[in-house]
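Since every read-out is calculated from the coordinates, none of them should be taken as a lab result. Source: prediction; values computed, not measured. Cβ placement follows ideal geometry from the backbone for every residue including glycine, while neighbour counts extend to all protein chains displayed.
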Amino acid sequence: MDIICIDDNFTPEQMAEIPNRPVKDQIYSIRDVVKSANGIGLLLNEIQNPQNGWVMRNGMKFTFEPNFNIRRFSDLQQQPLSYEMIKQVEKVTSR
């Protein structure tokens with residue numbers, strides 16, 4: 001599924017942690033969909049980042065590639081993305 005970035009504003013902290021970020025008005029394709037503490041996140045085929053995110057579960061530290069919130073994107077008709085739209089296209093994993 002192709003999507004377009006509508007929000008490429010990142011905090012200084014996010015910019016320090018995520019070296020490769022989407023750019024507004026650029027088209028991307030979804031590599032993976034993840035559920036996170038911040039909602040639904042997307043990994044993109046065109047953007048790869050190091051596994052520098054982490055979460056603690058059951059006393060263990062797990063690392064993951066930072067993802068981008070679904071609210072930063074729309075479909076190519078400029079409609080906001082929803083979980084229902086993308087869950088049919090992509091597998092969804094929990095992080």
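Miscellaneous remarks
- In percent, rounded to a whole number, the relative contact order of region 1-58 is 32, using alpha-carbon pairs under 8 Å and six or more apart.
- Whole-Å semi-axes of the ellipsoid equivalent to the chain (Cα gyration tensor, √5λ, descending): 22, 17, 11
- Springs join every pair of Cα atoms under 10 Å in this Gaussian network model of the chain, and among 60, 85, 15 the largest mean-square fluctuation is at 60.
- Between residue 60 and residue 11, the simple label model (points 7 Å from Cα in the Cβ direction) yields a spacing of 2.9 nm.
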